[in-house]
Amino acid sequence: MIVVGGGIVGLACAWFLQSRGHAVLLLDPAQAAAAADTPGEGPERCGSLAALGVLMADSFHRDRGRAWDLRQRSLGLWAEWRQELARRGQPIPYRSGVLLLAADGAEEERLTALGARKRALGLPLEPWDRRRLEQLEPGLPQPSLAGLHSSRDGQLDPGSALAALAADGRERGLTVRAEAAVALRPDGGGWRVDLAGGGAERAAWVVLAAGTASGTLLKTAAGVGAGADGGPWELEPVLGQALELELDAPLPGHWPGVVVWRGVNLVPRPDLEGGRRLWLGATLEPGHRADPDQLRELRGLGGAAPEWLRQARVVRRWQGLRPRPLGRPAPLLEQPAPGLLLAGGHYRNGILLAPASAAWVAGQIEARPTGT
C-alpha cells in the first residue's frame, strides 16, 4: 500500500501499518530531510514541524461525539506508542500537564463549567484560583483570573516524534521515496500514483495524508465523487507561527506544564539550553503569508506579556501550513473511493490526532484487505 504525505499523520499511518505487517511505501519529497531537519522559516514547511506538540484531549471543550472520541483514543495511543518507541531506542521527549488560563470573567465561567463537566466524567481537571496562579514563577500573562489544570494532557516534541516514527519505520521495513505524487488513477482494482519524476507506483490501497495537496490529488482521481456533504474535499491552508525564546535565566520549573493563554501556547523546554528556552506559538492566519503585525502581537501576547517574557531573546522563528476543511468538521477521515482513503484536514490537531487517524486507516484496510 502507498501512503502519500510525510507529515506526522502520514508517518503515523505508514509506521502503524508497517508495524502490523503490511508492506508500505511512503511518498513525500520533503520527508527524508524533515525528520532530521530543524524547523525553518519558509511558509511551505511541513505543518507538523510548525506545531508545538501540545496534546489537549481531556481539556477539549466537548465531552462526547466524534472529535472527543478521537482525542481520547489518541491520548491513550500516544502513551502506548511512546513506550514502544522508547523500548526500540527511539524516545520522544514528553512533558505532562496543560494549564488553561482565564483572562476575563466570561473565560473564567467557561473554565469553571468545563472543569465541573470533566470531573463528573472522572477526569482529573483541577481548578486553580488566582492566588495559586500568582505563586507561579516566572509570572504568568496578565490578567490571569483563574486556571484549569489537566494532568493527563501534555506536550511532546514534534521533530523528535517525526524522527522516531521515520527511523523505527525504516527498521521495520518501511520504504520511503522522496518524490511528489501528482495524480491518482484507477488501475485494475487498485490505484496508480503518478510521480513528479515521470514514474508511477501501484497499490491496492492509497492513503492520502498530504495536507492541502490531498484535495488537489483527489481532483485528479477519475471516478471519485463529492464529499459526504455533497461538496468537494476542499482544504484551505492556515498559517501557524512559532518562536523559540531564550531567557536570561533558567525557568524555575514551577509551571505545571504548557500554559495556554487566549489561544497562545507557552511551552517550557527544560531540555534545551539548561532550561532557558521557551516556545511560543499559535495558529492565526488563513493563507500562505505571515503578517508581521500578527507576529508582533504573538510575541507580546497582545500587550499582556510579563516583563521577563518581553526581555527574552528570539533565537528562532518558524511557520508552516495546517490544512483546514472548508465547511466540514476536522479531520476528514473518509473513503472517497474503493481502495482510496483520506486522512487529512486535521487543522490544529495533527500531532494529537495522528495515532487515532492511523488506527482508523488500519481498521478500514484490514476490514476490506482487497480495497473494495
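The values are calculated or read from the model by the stated rules, or taken from the named source; none is laboratory data. Just so it is clear, the model here is predicted, and its values are computed rather than measured. Using ideal geometry, Cβ is built from the backbone for each residue, glycine included, and neighbour counts are taken over all protein chains shown. Please note that ligands, DNA and RNA were not included when accessible areas were found on the heavy atoms of the full protein model with its side chains. Shrake-Rupley method; radii C 1.70, N 1.55, O 1.52, S 1.80 Å.
Here the accessible area of the chain is 50 percent carbon and sulfur, with a 1.4 angstrom probe and all protein chains present.
With a simple spin-label model that places each label point 7 Å from the Cα along the Cα-to-Cβ direction, the separation between R88 and Q135 comes to 4.3 nm. Over the chain, DSSP H runs of length four or greater, each weighted -39,500 (n - 2.57), average out per residue to a 222 nm ellipticity of -9500 deg cm²/dmol. Using only alpha-carbon positions in region 247-372, the gyration tensor eigenvalues give semi-axes of 38, 18, 11 Å once each is multiplied by 5 and square-rooted (largest first). When the alpha carbon gyration tensor of the chain is reduced to an equivalent ellipsoid, the three semi-axes, largest first, read 37, 21, 20 Å. Built from the Cα atoms of region 43-126, the convex hull projects on average onto 7.9 nm², one quarter of its surface area. Accessible surface computed residue by residue for the chain, with neighbouring protein chains in place and a 1.4 Å probe, gives 41 Å² per residue. Using a probe of 1.4 Å on the protein chains alone, the accessible area found for W279 is around 20 Å².
Kindly state, as a whole number, the per residue volume in cubic angstrom of the convex hull around the alpha carbon atoms of region 105-197.
Each residue corresponds to 274 Å³ of Cα convex hull volume.
Coordinate range of the alpha-carbon atoms in region 80-123 per principal axis, descending: 47, 24, 9 Å.
In region 281-351, one over the average inverse separation of all distinct C-alpha pairs is 15.0 Å, which is the Kirkwood hydrodynamic radius. Of the trypsin sites (Lys or Arg not before Pro) found in region 100-171, none is in coil by DSSP with at most 14 other Cβ atoms within 10 Å of its Cβ. Whole-percent P(r), region 46-95, all Cα pairs, 5 Å bins from 0: 5, 18, 21, 21, 22, 10, 4, 1.
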